[in-house]
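The values are calculated or read from the model by the stated rules, or taken from the named source; none is laboratory data. Here the structure is a predicted model, which is why all the values come from computation and not from measurement. Using ideal geometry, Cβ is built from the backbone for each residue, glycine included, and neighbour counts are taken over all protein chains shown. Heavy atoms of the whole protein, side chains included, go into the accessibility calculation; ligands, DNA and RNA do not. Shrake-Rupley method; radii C 1.70, N 1.55, O 1.52, S 1.80 Å.
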Amino acid sequence: MESGSLCALLEVRDQGAEERRLWNDNRTQIRHVSVSRETGDMTFSVPHENGTANIGVKLAGEGGVKELTEGDSFDTAPRWLPGGGRKLVFQSAGIGRNREGHFLALAPFCVQQLDAEVGELTTLLEEPRYDYLAPQGLNDGGLLFIRRPYTQHERVHPIRALKDVILFPFRLIYAIVQYLNFFSAMYTGRKLTSGGAKGREMDMKQMMIWGNLVRSQRHASTDEENADLVPKSWELCRRHANGNTAVLAAGVLAYDVDENDRIVFTNGNAIFLLDAEGRKQKLLNESMIEQVFFVPA
């Protein structure tokens, strides 16, 4: 089970022939459900109305759910570590607030490891320049994750926001005129607004440059390595048990790993498979792919 409803956990067996309700609570929301292959334990994130999110678990054979983390942080995307035991990894970011307690920004995401049996919390990856996202453990003790540059979302200044609102109609009209000028020049050789012969010559040169740019972008979009919906700086990385880190792929939006350490990932417009030896194979071309995962046999 990769995701659960807002208030219930369901188990489906025999390709939908049987559905069994495991837990239900209309007061609690859950997201990012992950199930341990070894124990059947479930873990998930529990969002709250104040903007925080905690890591929760439902252990096999036990009723109800338990929240294992707390504080003013955003803890999400938990995954159990392979090899038995009840250890999991998740992404976590501190929440910055103003004096009134209103949300300002998220700190860089780090990767935390949590021992669900003893409550021990360990930071595995943390750096001010990067977000570390979607961690998953490997059978050899390694760790997979997506690394991307950290960008702080600044609070909008009230005066700047008011200025943007006032100028928006003028900017919109200017954009529409330029848009119509572009197509008029491309198909007729003349702009709707003319600045004389010299102006038309300069405009046509600019139109040719833009046309070449558009064609080059179209050509690039058909290339496997340039079809990403996210920047190349979004990297799928592997940290080995000895601490060394290697980049497996660039422009990665989402990924999953199976019990044999095979990796499936997407750049948003295609799905790729990486085997345990690092050999890459393209499985599918499709647009706007947001998530991928392995389905247990």
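Things worth noting here:
- Rolling a 1.4 Å probe over the heavy atoms of the protein chains gives region 37-131 an accessible area of 50 Å² per residue.
- Computed with the Debye formula from one identical point scatterer per Cα of region 78-146, without solvent, the log10 of I(q)/I(0) at q = 0.15, 0.22 Å⁻¹ comes to -0.54, -0.91.
- Separation of alpha-carbon centers, region 100-134 and region 239-297, rounded to whole Å: 23
- Where labels lie 7 Å past Cα in the beta-carbon direction, separation of Leu229 and Ala241 in nm: 3.7
- Extension gain (nm, one decimal) between Glu38 and Ile173, 0.36 nm per residue minus Cα-Cα: 42.5 nm
- Within the assembled protein chains, the solvent-accessible surface assigned to Glu100 is about 130 Å², based on a 1.4 Å probe.
- If R0 is taken as 45 Å, the Cβ-Cβ distance between Val165 and Glu70 corresponds to a FRET efficiency of 0.70.
- Taking only protein heavy atoms and a 1.4 Å probe, the accessible area of region 63-117 is 47% carbon and sulfur.
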